[in-house]
Amino acid sequence: MAAFFGLHGFSQNNPFFEEWNTPFGVPPFDQIRVEHFLPAYEAGIAEEAAQIWAIIRNPEPPTFENTIVALDQSGPLLRRTIPVFSGLMSVANTPEKRALSRQLSPMLTAHRNSINMNPYLFQRVRAVYEQRDQLDLNIEQRRLLENTYRRFIRSGALLSTEDQARLRHINTQLSLLQLQFSQNVVADRGAFTLRVTDRRRLGGLTPAQLTEARARAERAGYPNEWHFTLDNPSVMPFLQNASDRELRKEIFHAFKNRNNNDNEYDNKEIIRQLLAYRLEAANLLGYETFAHMATAPRMVQNPETVMNFISSVWEPALITARRELENIEAEMRRARVPGPAVGADWFYFQNRSRQRRLNINEEEVRQFFVMENVLQGIFYVCNRLWGITFEQLHDMPLPHEEFTVWKVTDSDGETVLGIVYLDMHPRPGTKNGGAWAGSYRAVSWDENGNRIPPIITLVHNFTRPVGNRPALLTADEVTTFFHEWGHGLNHLFNTTRYFGTGRMTLDFSEFPAQVMEHWAFQPEVLRQYARHYRTNRLIPNALVQRIQQNEMYGQGFRTIEFFTSAWIDMEAHLLTEIPADFNIVEFEYAVKERHNWIEQIPARHRPTHFTHIFSGQYSAGYYVYRFAEQFDSDAFEAFLETGNIFDPELARKLRFEIFARGDIEDAGTLYRNFRGRDPDVNALLRNRGLGQ
């Protein structure tokens with residue numbers, strides 16, 4: 001590789017052009033500078049372009065190895081550079097990186113277009129595809145061939161030259177718009193702070209929440225104030241506990257109207273353009289709508305299946321949510337707060353109702369969920385299920401100083417399954433919100449057939465420790481922690497041989513994460529990690545029972561807020577026309593009215609800050625979380641049926657029949673290999689206690 005780059009005049013001081021002599025080959029974050037990325041992208045594009053032309057000019061007839069595998073393995077420099085840049089953009093954003101991303105995005109899009117629309121390359125791919133029944137291919141090889149051929153078709157390989165040119169333009173515009181949408185979301189969330197100067201207005205907040213708010217203000221340079229931001233660890237406890245209704249309304253309004261304020265970060269026009277370009281691209285490729293195009297390669301195959309699925313859960317959830325609303329308004333009457341209830345009331349009065357009915361409050365529960373202890377609980381579950389172990393590594397290069405690094409070793413005590421980077425706390429303005437799993441290096445294999453373990457990253461935005469008080473998690477955050485480690489395990493256990501078969505289909509990809517959530521609050525597991533942060537006292541059995549009861553409390557609200565977002569996502573992408581005066585907020589309210597929405601329940605993600613669908617991979621796909629829940633609920637019931645939540649045979653099948661196999665086979669087949677049958681779709685309703 002050094003010789004190739006030398007011929008093109010690229011600097012040898014750039015870490016991307018050198019071997020990474022780091023532990024386990026992790027990226028040398030301490031050496032990487034912003035100025036290294038543009039030359040690395042340019043060199044990576046040149047390298048892959050040369051490899052593509054080598055495939056095309058190969059005088060040998062097209063074969064699976066010299067065409068499909070060669071294409072799958074092309075672009076190694078881009079494959080090491082892109083994950084590092086995108087990872088740093090999400091956790092350590094700077095104006096310099098944002099400006100560079102606007103330069104790199106269209107470059108990369110143009111490069112991908114040049115590959116996927118290359119007629120000579122497609123001729124070779126199609127020639128192999130048409131011979132598929134005569135080739136001696138195993139299951140994974142056949143899947144890679146089919147995936148590769150489908151990718152070319154869906155990328156416009158069969159379009160006319162004129163239509164390809166238009167699609168190239170659309171793809172470039174989409175990449176830029178999605179990038180701008182994402183950057184606006186980060187900026188607008190960081191731009192708002194609820195500043196409180198009068199301590200008397202903060203009734204209801206716990207001493208810990210007040211301390212955290214004071215620390216936030218001190219970091220911002222206002223030591224005599226209390227600050228509340230739109231990051232979840234700040235805004236959610238405020239909405240649940242603050243007794244000042246006007247302050248709740250103020251921060252709730254800011255929270256739900258992110259990127260909908262007609263300012264420089266407003267995303268409404270960007271959404272209109274995104275929807276218009278997506279629809280045009282789908283039409284060019286022969287699909288009625290973008291939703292039809294997006295769902296075609298997934299398990300559901302068409303948007304009608306998605307809409308029917310949402311409807312089947314929506315009605316039972318509405319019954320439960322209306323019952324919850326009655327409880328909330330009764331709670332308001334007890335507190336002598338005039339009705340009707342508004343959105344800013346739901347969190348607060350549901351929390352009061354929960355405390356009164358179940359004798360449980362979030363602050364009491366948090367004291368038993370020390371972040372580091374919860375991590376050890378996750379390790380305990382993984383060790384009991386699969387025998388794997390975890391070791392923290394020190395003196396490692398880090399994307400940001402707050403990361404920790406862990407080595408994961410298989411049950412034989414020798415095989416390294418992978419390296420995991422953990423990032424736990426918010427950094428407003430420079431770090432994306434939410435939680436996610438990513439990868440700096442996907443699993444791969446060397447020329448001798450040895451597995452090269454993945455390097456993955458799990459990112460969260462949990463409340464920081466304050467003073468002598470450690471970082472304490474809410475029950476929802478505990479669930480999120482287990483969830484992201486499920487994604488991590490999917491990477492760590494992966495044994496696929498090709499990049500093109502490594503990722504599960506989208507509407508099954510949440511299964512590994514969501515099935516792990518089921519272990520979080522099992523009594524046997526809680527007794528391993530849930531200890532009081534001051535006394536080290538093990539969580540009492542009575543509190544464990546109340547936590548389990550609490551899991552079912554508020555499920556109507558949680559389900560409706562989720563599916564409201566899912567309705568908006570699907571219906572926006574089912575539009576057959578995007579008028580010039582299209583307004584996504586007006587469209588949002590029309591969708592809600594059409595489905596008898598409960599107005600006090602906001603969508604979990606309103607469109608203007610809905611990064612999943614407007615800058616992520618979940619366009620016409622937000623439904624996948626709940627679609628996968630029918631599988632994860634049914635799968636955990638299999639463990640419960642044995643009487644052993646750590647049943648070794650089921651654990652083995654879960655790992656090797658599902659987690660390890662990526663997209664080697666149809667997801668339904670993978671699940672049947674594990675369970676012996678299709679999932680019981682009612683497992684989802686049982687898991688949520690809906691319609692009862």
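The values are calculated or read from the model by the stated rules, or taken from the named source; none is laboratory data. Worth saying up front: this structure is predicted, and the values here are computed from it rather than measured. For neighbour counting, all protein chains shown are included, and Cβ atoms are generated from backbone atoms with ideal geometry for every residue, glycine included. Areas reflect the complete protein model, heavy atoms only, side chains present, ligands, DNA and RNA absent. Shrake-Rupley method; radii C 1.70, N 1.55, O 1.52, S 1.80 Å.
Here are a few things to note about the model shown:
- Qualifying strands (runs of 3 or more DSSP E) (wholly inside segment 383-476; at least 2 residues being touching a Pro at 6+ places or on another chain (Cβ under 8 Å) and either of a type outside the set (A, V, I, L, M) or more than 19 Å from LEU489 (Cβ to Cβ) (or both)): 416-423, 436-441
- Residue in segment 275-317 that is farthest from GLN178 (Cα to Cα), counting only those that are in contact (Cβ under 8 Å) with a residue 24 or more places away in the chain and among the polar types (S, T, N, Q): SER312
- Answer residue from segment 327-357, given it is among the basic types (Lys, Arg) and in a helix (DSSP H, G or I) and is nearest to LEU247 (Cα to Cα) among those: ARG352
- Count of residues meeting criterion [in contact with a His (Cβ under 9 Å, 6 or more places away or on another chain), open to solvent by 10 Å² or more (accessible area, probe 1.4 Å) and assigned to a helix (DSSP H, G or I)] in segment 602-626: 2
- For segment 387-398, a residue qualifies if it is open to solvent by 20 Å² or more (accessible area, probe 1.4 Å) and either of a type outside the set (Phe, Trp, Tyr) or more than 24 Å from the chain's Cα centre (by Cα) (or both), and the qualifying residues are GLY387, THR389, GLU391, GLN392, LEU393, HIS394, ASP395, MET396, LEU398.
- Subset of segment 342-380 [without any contact (Cβ under 8 Å) to a residue 40 or more places away in the chain and out of contact with any strand residue (DSSP E or B) (no Cβ under 8 Å at 6 or more places or on another chain)]: PHE349, ARG352, SER353, GLN355, ARG356, ASN361
- Tally, over segment 565-598, of residues that are open to solvent by less than 10 Å² (accessible area, probe 1.4 Å) and small (Gly, Ala, Ser): 3
- GLN545 without any contact (Cβ under 8 Å) to a residue 60 or more places away in the chain and either open to solvent by less than 10 Å² (accessible area, probe 1.4 Å) or part of a helix (DSSP H, G or I) (or both): yes
- Residue in segment 48-58 that is touching a His at 6+ places or on another chain (Cβ under 9 Å), at pLDDT 95 or above and assigned to a helix (DSSP H, G or I) present: yes
- Tally, over segment 517-542, of residues that are open to solvent by less than 10 Å² (accessible area, probe 1.4 Å) and either under 29 Å from the mean Cα position of the chain (by Cα) or of a type in the set (S, T, N, Q) (or both): 6
- Residue that is least open to solvent (accessible area, probe 1.4 Å), among those in segment 202-246 that are without any contact (Cβ under 8 Å) to a residue 12 or more places away in the chain and assigned to a loop (DSSP other than H, G, I, E, B): GLY221
- Hey, GLN134 farther than 13 Å from ASN116 by Cβ and not in a helix (DSSP H, G or I) or not: yes
- Some residue of segment 407-416 being of a type in the set (A, V, I, L, M, F, W, C) and open to solvent by less than 10 Å² (accessible area, probe 1.4 Å): yes
- Residues being in a helix (DSSP H, G or I), crowded, with 20+ Cβ neighbours inside 10 Å, among the hydrophobic types (A, V, I, L, M, F, W, C) and touching a residue at least 60 places away in the same chain (Cβ under 8 Å) - total across segment 640-675: 5
- Filtering LEU135, LEU177 for residues that are modelled with pLDDT of 95 or more and open to solvent by 50 Å² or more (accessible area, probe 1.4 Å) leaves a single hit, LEU135.
- Residue in segment 494-501 that is within 24 Å of PRO426 (Cβ to Cβ) and in a helix (DSSP H, G or I) present: no
- Unmet criterion (only one of (1) in contact with a Pro (Cβ under 9 Å, 6 or more places away or on another chain); (2) open to solvent by 30 Å² or more (accessible area, probe 1.4 Å); (3) among the hydrophobic types (A, V, I, L, M, F, W, C)) for TRP53: (1)
- Any chance GLN514 is open to solvent by 20 Å² or more (accessible area, probe 1.4 Å), in a helix (DSSP H, G or I), of a type outside the set (Gly, Ala, Ser) and in contact with a helix residue (DSSP H, G or I) (Cβ under 9 Å, 6 or more places away or on another chain): no
- Taking the criterion of being open to solvent by 70 Å² or more (accessible area, probe 1.4 Å) and either without any contact (Cβ under 8 Å) to a residue 24 or more places away in the chain or assigned to a loop (DSSP other than H, G, I, E, B) (or both), the residues of segment 8-41 that qualify are HIS8, GLN12, ASN13, GLU19, ASN21, ASP30, GLN31, ARG33, GLU35.
- For segment 82-92, the criterion of being modelled with pLDDT under 95, assigned to a loop (DSSP other than H, G, I, E, B) and open to solvent by 10 Å² or more (accessible area, probe 1.4 Å) is satisfied by at least one residue.
- Selection within segment 154-201 - assigned to a helix (DSSP H, G or I) and either more than 24 Å from SER86 (Cα to Cα) or free of Cβ contacts under 8 Å to residues at least 12 places away in the same chain (or both): ARG154, THR161, GLU162, ASP163, GLN164, ALA165, ARG166, LEU167, HIS169, ARG199, ARG200, ARG201
- Verdict on ALA281 being out of contact with any helix residue (DSSP H, G or I) (no Cβ under 8 Å at 6 or more places or on another chain), assigned to a helix (DSSP H, G or I), surrounded by 17 or more Cβ atoms within 10 Å (Cβ to Cβ) and among the small types (Gly, Ala, Ser): no
- Selection status of GLY156, on the phi > 0 side of the Ramachandran plot and either of a type outside the set (Asp, Glu) or buried (at least 18 other Cβ atoms within 10 Å of the Cβ) (or both): yes
- Here ASN171 meets the list (1) of a type outside the set (Lys, Arg); (2) at pLDDT 95 or above; (3) surrounded by fewer than 20 Cβ atoms within 10 Å (Cβ to Cβ) almost entirely, failing just condition (3).
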